[in-house]
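Nothing in this text is a laboratory measurement; each read-out follows from the coordinates by a stated rule. Values in this document were obtained by computation on a predicted structure and should not be read as measured data. As a convention, Cβ positions derive from the backbone with ideal geometry for all residues, glycine included, and neighbour counts pool all protein chains shown.
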Amino acid sequence: MKYILIILMAFSLSCKAQKKTLEPKLENIKWIAGTWHGEAFGGITEEIWSEPSSGSMMATFKLINEGKVTFYEIEVIRELENTLILQLKHFGPDLKGWETKDETVDFPLKEITQTKVVFEGMTFEKISDNEMNVYLDIKNDDGEVETVKFNYKK
């Protein structure tokens, strides 16, 4: 019985350590950096994140359906006023922007743990050094929110 109690206490401490909220610093999310491949929206996805530098991380994304690019994104995560913000812009296959010139799609930070970065509407989850999931909330035409999961591997 004593050993079971010790094991339960160790497990509880381990769970608390993973739930510990980290400071909103790029250094705490640098595990996102790398070249990631996966599938979503019926096609092949590629997302390439830079290492943190000069207060930001930058990414490119593309979706390929039936051998043709469907759209691109440019994404940044910036340190801004003691928090992080993820911002992005979409582009068609001809590089014509979806958003207006000065408009961005913004995802304010909610929290960071050892294995998750949670923004309003988008979450990055570290599975291992070579695998992560990204969960994106998308509002459909009826106003309902659907969460799309991207499973990425390096």
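For each of E39, E75, E66, count neighbouring Cβ atoms within 10 Å of the residue's Cβ, then give the residues from fewest to most.
Working: E39 13, E75 20, E66 8.
Listed from fewest to most nearby Cβ atoms, that is E66, E39, E75.
Using a 10 angstrom cutoff on alpha carbons, build the Gaussian network for the chain and name the most mobile of K62, K20, K116.
K20
Between [x] 1.30; [y] 1.20; [z] 1.42, which matches Cα Rg over 2.2 N^0.38 Å calculated for the structure shown?
It is the one labelled [y].
Under the definition of Cα pairs under 8 Å and six or more residues apart, what whole-number percent is the relative contact order of the chain? Write down the numbers at each step before the final one.
Working: 304 pairs, mean separation 28.1, N = 154.
Relative contact order, the chain: 18 percent.
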